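Student: Before I ask anything, let me first share the structure, which is written out below as structure tokens.
The numbers here are math on the coordinates, done by the rules we state, and not lab data. Quick caveat: nothing in here was measured; it's all calculated off a predicted structure. We place every Cβ from the backbone using ideal geometry, glycine too, and count neighbours over all the protein chains shown.
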Ligand SMILES: Nc1ncnc2c1ncn2[C@@H]1O[C@H](COP(=O)(O)OP(=O)(O)O)[C@@H](O)[C@H]1O
Ligand SMILES: [Mg+2]
């Protein structure tokens, strides 16, 4: 649905914001575009939203060339910028009516579309409220409502959850899930990983204008963190266990953490009983052995080497 | 809503296969009518009418205007004028006040229209909808118009007071209201153009007010010229003064302001809308066309006005030459600079061209693809030349009842042939420099420098002088190069209008061939410029052809290396190449 090839962007100031970004979003994906602040997420997104010129490279959305046919692309996408304002002095329905008119919808269709998006975003009870009195979370929802008003196939959201309280964040996530269920392709950027991993099915990580990794979220964890983290819990003699584990085949690192040993293990699942057996044979008081879930946060820190995050 | 609300719905313009063209036209007109009802206007009116600020300022201005009228009425009552002149005084005081309101209120209203959206971060939201840039600008222009219309409507009772005294006809009122509306259009579109080019409201306010005052200041001579034509020395009823004039003058009095305001409006409008186009779109072609149309229209009107002036007797011959020289002195350097600017400007390749290129196998890019600026620059220059030369010769001939006709024709040709050819030469020089791969600005400056040298170095004329054996002085030589109208205008200012005809038509020797030589000076200089033009354009074309061949080779090499057609890469090179680099 979205295809980006070798996008390069150098701002007039000389900042190289993008140095060859390529990515591919399939239809129906919820695609997480992850990177620390200043990585070039907003730049990429503004280029995709036809608001910024690229220095080199190509981009298509739904098969339409973003640079050749910006008007066609604008029809396809719903864009929510990272920072946005509202027009003061309007009621919520008037605000949405303005945007649907700006999308050239006929009057009758407009009314229905507004009712639909207000129901979807739970804004219906606030129909007559003035937009400038809304809270941050409500504004975010209003902006999403305006993004949806022309029923776009692709949603491009730039850090939509930034600055929301946890409750609003959960609601927002649920809303995105609903939208994905409606068959929309969602391209969402964030500098926070945990909020995305549950419901995104593909992602890519960008840093300093380069794509560091991309693919399915699970596949990527497998590929980038081949080592499993195994925590062996003992009653005592943890140091002794750590030494024994360190020389075991497949173990790349072991570290004592109180009464437990944290092991990085390269083997597959079938190799784990062997590890257990070795410990028991040495007479160590093993209480349990548990595999840590591959944490996206750790993955992120690892990939970006903590340089900018 | 107070905006236009045409009742025409869709469906009226359904094409039924047969009556295609007309139906489509009707449908298009209907749709255009519907889009007059701009969403932007609706939104701005909602916001505006909800706030208290609008009503307060509105009423305040009305009170001030009423006060001005009261003072005018009392002073004229004291001096004991007759009733109808009191009426006219009140009438003009009212429109004076209204003019001031427009000139000061409209920029304040319009110049922040886009910057506040930029600052309030709503512009990106608006631009990513499918609304067209011109619709945005039109919507915002409409809101300014509606504000002024509301004000004029509510001020109507004030102006009707002047009718009680008499001396004014309803036609006067209609004409003045139209004039105010046109001024509103000019001022609001100018402010919008400033607004869409500025980042901050603060700078937009300053620039918009300065420009508004400059433009209004430039319009004052035009207005006073029209007043001169009408012979309005004191306050009179305009419609009465009009009815006493010849129809050609009446037409001019309507045509000149109409043309000026529409042209200025179109220029500002296009400038404002271009800035709101997608960054990859072509942002300059339409502006270029309008600008040249404006300059050419001004030239044409200048000739018509001066011609009618001579015929109807409100311009003496000296004044006629003075006006013409001054007008040309302003317009022709503008034309010259614009030609250089646009000829050296490089524009992005339009998408359609890329498609063509693909269809043709990618290897036959048209010449235009490499030199879009110079090619159209050449076309413009050619049109300018034809118009200037043809118009001048014709008008000189037509208006020369009292002067020696052939002498005027010679003068016109000697004056305009080098001018037109000089434009072509400048465009060619610019084309040459940008074909060297220079960027827009360096190419423009280089072309400017070289063609200035050409213009100021009357070497060509010296040569022509030798050729034709005319005993022209250096001072007369200056008359024959491109900047002649400027210099003539300047010397006109310094030496007084009486000497004017002398500068151009002085001794026969300057214009007419000296005894014994076959060729008049203007012909010689035209030939010299013609040869130069040919030379420069040939050079430029050779360079362009070479660049094209290199590009083709490049593609072939890429194709050989990568096994593809090379087209992909070529297209990317063009689409993605940073401004200023050429394939
Ligand atoms: N308008 C601009 N002019 C110059 N540099 C910019 C501009 N916008 C962003 N940048 C720079 O480009 C880089 C990428 O910025 P951005 O895309 O906003 O990052 P992100 O959204 O991932 O935080 C940053 O170094 C930033 O300073
Ligand atoms: Mg950002």
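Student: R0 = 51 Å: FRET efficiency of residue B:75 with residue A:177, Cβ-based, nearest 0.05?
Tutor: That gives a FRET efficiency of 0.10.
Student: Further question on the same structure: At what distance in nm do the modelled label points of residue B:132 and residue A:104 sit from each other, each positioned 7 Å from its Cα along Cα→Cβ?
Tutor: 0.8
Student: Considering every residue in A:55-64, what mean count of other chain Cβ atoms within 10 Å of its Cβ is obtained?
Tutor: 2
Student: Can you give the FRET efficiency for residue A:291 and residue A:5, using 1/(1 + (r/R0)^6), R0 = 35 Å, r = Cβ-Cβ distance, to the nearest 0.05?
Tutor: 0.35
Student: Determine the relative contact order of region B:46-277: mean sequence separation of Cα pairs under 8 Å and six or more apart, normalised by residue count, in whole percent.
Tutor: Reported as a whole number, the value is 29 percent.
Student: Let me ask something additional. Hey, fewest Cβ within 10 Å first, where do B:242, A:276 land in order?
Tutor: Ordered from fewest to most neighbouring Cβ atoms within 10 Å, B:242, A:276 come out as A:276, B:242.
Student: Cut-off is 10 Å between beta-carbons; in what order do A:80, A:1, B:244, A:272 appear when sorted fewest neighbours first?
Tutor: Final ranking by Cβ density, sparse to dense: B:244, A:272, A:1, A:80.
Student: Starting from the Cα-Cα distance between residue A:282 and residue A:216, subtract it from 0.36 nm times their residue separation and give me the gain in nm to one decimal.
Tutor: Here the segment from residue A:282 to residue A:216 would lengthen by 19.7 nm.
Student: How much of the pair distance distribution for region A:226-293 lies past 14 Å, counting alpha-carbon pairs only, in percent?
Tutor: 50
Student: Right, another one. According to a simple spin-label model (label point 7 Å from Cα along Cα-to-Cβ), what is the distance in nm between residue A:237 and residue A:116?
Tutor: 6.9
Student: Mind checking the full-extension length gain between residue B:181 and residue B:254? Use 0.36 nm per residue of separation minus the Cα-Cα distance, one decimal, nm.
Tutor: That pair, residue B:181 and residue B:254, stretches by 24.8 nm at full extension.
Student: Now a separate question. So what is the orientation-averaged projected area of chain A, using the convex hull of its C-alpha atoms, in nm²?
Tutor: That works out to 19.5 nm².
Student: Would you tell me the mean number of C-beta atoms belonging to other protein chains that fall within 10 Å of each C-beta in B:109-120, as a whole number?
Tutor: 1
Student: Counting only C-alpha contacts under 8 Å and six or more residues apart, can you give the relative contact order of chain A as a whole percent?
Tutor: 20
Student: Mind giving me the nanometre distance, one decimal, between the label points for residue B:25 and residue B:200, set 7 Å out from Cα along Cα→Cβ?
Tutor: Here the answer is 5.2 nm between the modelled labels.
Student: Let me ask something else about it. Please work out the FRET efficiency for the pair residue A:124 and residue B:311, using the Cβ-Cβ distance as r and a Förster radius of 60 Å; give the result to the nearest 0.05.
Tutor: According to the calculation, E is roughly 0.25.
Student: May I pose another question? Ranking A:76, B:254 by Cβ neighbours within 10 Å, fewest first, what do you get?
Tutor: B:254, A:76
Student: I've got another one for you. Across peptide B:42-53, what mean number of C-beta atoms from other chains lies inside 10 Å of a residue's C-beta?
Tutor: 3
Student: Follow-up. Mind jotting down the three principal axis lengths of region B:46-277 based on Cα atoms? Whole angstrom, largest first.
Tutor: Principal-axis extents of the Cα atoms in region B:46-277, largest first: 61, 43, 26 Å.
Student: Going 7 Å from the Cα of residue B:161 in the Cα-to-Cβ direction, what parts of region B:44-88 have a backbone nitrogen less than 11 Å from that spot?
Tutor: Answer for region B:44-88: B:63-75.
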